[in-house]
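Written out below as structure tokens is the structure these notes cover.
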Amino acid sequence: WWMGITTFPRYPRALAAAQCPFRRLQCGKHLCCSRTPGLPRACCAGFSGKVTEAELQKLQTCLPGALYYKEENQIVHKAEDDAFWRPRPLEERREQAGRGALGGRRRMQQGLGGASPLPTLHSFEESVKTDGTEGAPVDAAGVTGGPAMAAPGEKTEVLGTKMWNLDRLDQRDPPLDGKYRYGTAGTTGTGNGTTIYVVDSGIKKDHQEFARWGGGASRAAYGYDFVDNDDNCDDCDGHGTHVAATAIGLTVGVAKAASVVSVRILDCEGSGTISNTVAALDWVAANHAAPAVVTLSLGIQVGSWSRVLEDAVAALVNTHGITVVVAAGNSGVDACYVAPANVPAALTVAASDLATKYNGSGAGEPDGVYKWSNSGPCIKLFAPGVNIYSACGGSSRCAVVDDAAYTYASGTSMAVPHVAGVAAVYLESYPQSTPADVSSAILGAASQGKIGADALPASTANLLLYSRVISDAAVQAASGPSG
């Protein structure tokens, strides 16, 4: 079960005196009072663990009035492009989502002791197993076009067609020019000094994409593994490695000098629990190095809600000041029907596409939308999410898994790290920024009206991620007059 329990001073003493099973709960806590009528903010904590109904009754006896809601903790699963994931016909999905919306809101209003099943959690992607062709060794100078990564100034990475996504980020309109430009005369544009926490399936931290420009230790590190309860967050699925490299990879990534920390919640089969996800977010809140960004390329089933997951994401943003980027989901429905995409404080990202990305995009060509991307008013913006080329970290994705293996994947999972990387670039120049500041900068700089009208679902923001959020003029204005 996951439980929300009030934490007034008398309760810990009563708990100790009565020897309640509360002390057996294993998975951490977070503050979450925003939806509790009549209680002040930050007066409640959430706990998760294996507790029987009898033990819950004992808990309520020990702490009368303390338990104000609970959710049953079920198995969560990360699935790929198979029959399980392929959405049902559109009308059926919309009908199910509508029923779920009503049911979810009723559950949230049940109040004290009201139980509801904890929905299944999934990552949002399709992947294609590659033949194991190795990527070329990273040419550090080629990543910048010659200038040192740490030096201010515009840098240019010459791209092949594989990396159409980076090519699309740095220009307002097609045609693609085969280059990714970043940095300005006054900034490096690399996200140096920022950390992205990838709450996912782990990371292959020795992959060449996580190398430093000048050599030295990897920019990828392990945080905590909530699957095996240790600090070895190696990736045996590959989803987390792909996401992390798109965010910070030396050649395939957006923020090429940022660091990444893996917080593992999905096992080798892509399964996990929402309680572990909440515990992972709590771990980030307690252990993060600022400035920080969190990626959540995952979610739960359409029409289901998890109050604990929504509260945990909101607390990370509002209480701890960490920008959280969330996948919209891949069911082709309103993202407001999916948690945590429905959390207002998060940056919820849908996936875009470019039809002619591999054969010469035309001037003024509109961008499209990934065929299964969720949409609707909870979407903040779009980012590339189709056939994204990035590091391979799992044997189900490439025939050879080593530090130079690459593969393709599609979905809103893949759109998330593009936004996280741009957030890291912004935080490099403005490290004291709040999540609201980061969101405002990214949305304010985004390219408007680039998604084709025939592809854009109703009530969805027509904003496409633009990577060059930092300008010399803005940096100079923020730092004040020189001399």
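Any read-out appearing in this document is the output of simple, stated calculations on the displayed coordinates, not a laboratory observation. As the structure is a computational prediction, the values presented were derived from the model and not from experiment. Here the Cβ positions follow ideal geometry from the backbone for every residue, glycine too, while neighbour counts run over all protein chains shown.
Distances between placed amide hydrogens fall under 5 Å for Tyr222 paired with Ser262, all partners being 5 or more residues away or on another chain.
Across segment 209-258, the relative contact order, built from alpha-carbon pairs under 8 Å that are at least six residues apart, equals 34 percent.
Using the Cβ atoms and a cut-off under 13 Å, what net charge is assigned to the surroundings of Met149, where Lys and Arg are +1 and Asp and Glu are -1?
Values: positive: Lys155, Arg212, Arg219, Lys256; negative: Asp139, Glu154, Glu157, Glu428.
Cβ neighbours under 13 Å give a net charge of 0.
Have a look at the DSSP beta bridges in segment 288-418 and tell me what percent are antiparallel, nearest 5. Don't jump to the answer; show the numbers that get you there.
Working: 6 of 19 bridges.
Bridges in segment 288-418 that DSSP calls antiparallel: roughly 30 percent.
The phi torsions of segment 368-373, fed into the Karplus equation with coefficients 6.51, -1.76 and 1.60 and a -60° offset, translate into couplings of x, 10, 3, 4, 10, 5 Hz, rounded to whole numbers, with Gly and Pro shown as x.
Could you list, in their original order, any pairs among Lys205/Lys357; Lys155/Lys205; Lys162/Lys205 whose Cα atoms are separated by more than 27 Å? Cα-Cα > 27 Å for Lys205/Lys357; rest within.
Set the Förster radius R0 to 22 Å, insert the Cβ-Cβ distance between Ala151 and Asn359 as r into 1/(1 + (r/R0)^6), and round the FRET efficiency to 0.05. Given R0 = 22 Å and the Cβ-Cβ separation, E is 0.05. On the basis of the beta-carbon distance and an R0 of 22 Å, Ser459 and Lys371 show a calculated FRET efficiency of 0.70. Between Gln448 and Ala289, residue separation times 0.36 nm minus the direct Cα-Cα distance comes to 53.9 nm. Annotation: for a label point projected 7 angstrom from Cα along Cα→Cβ of Val400, residues of segment 134-154 with backbone N closer than 11 Å are 134-136.
So, R0 is 30 Å and r is the distance between the beta-carbons of Ala141 and Gln432; what FRET efficiency does that work out to, to 0.05? In this case the efficiency is close to 0.35.
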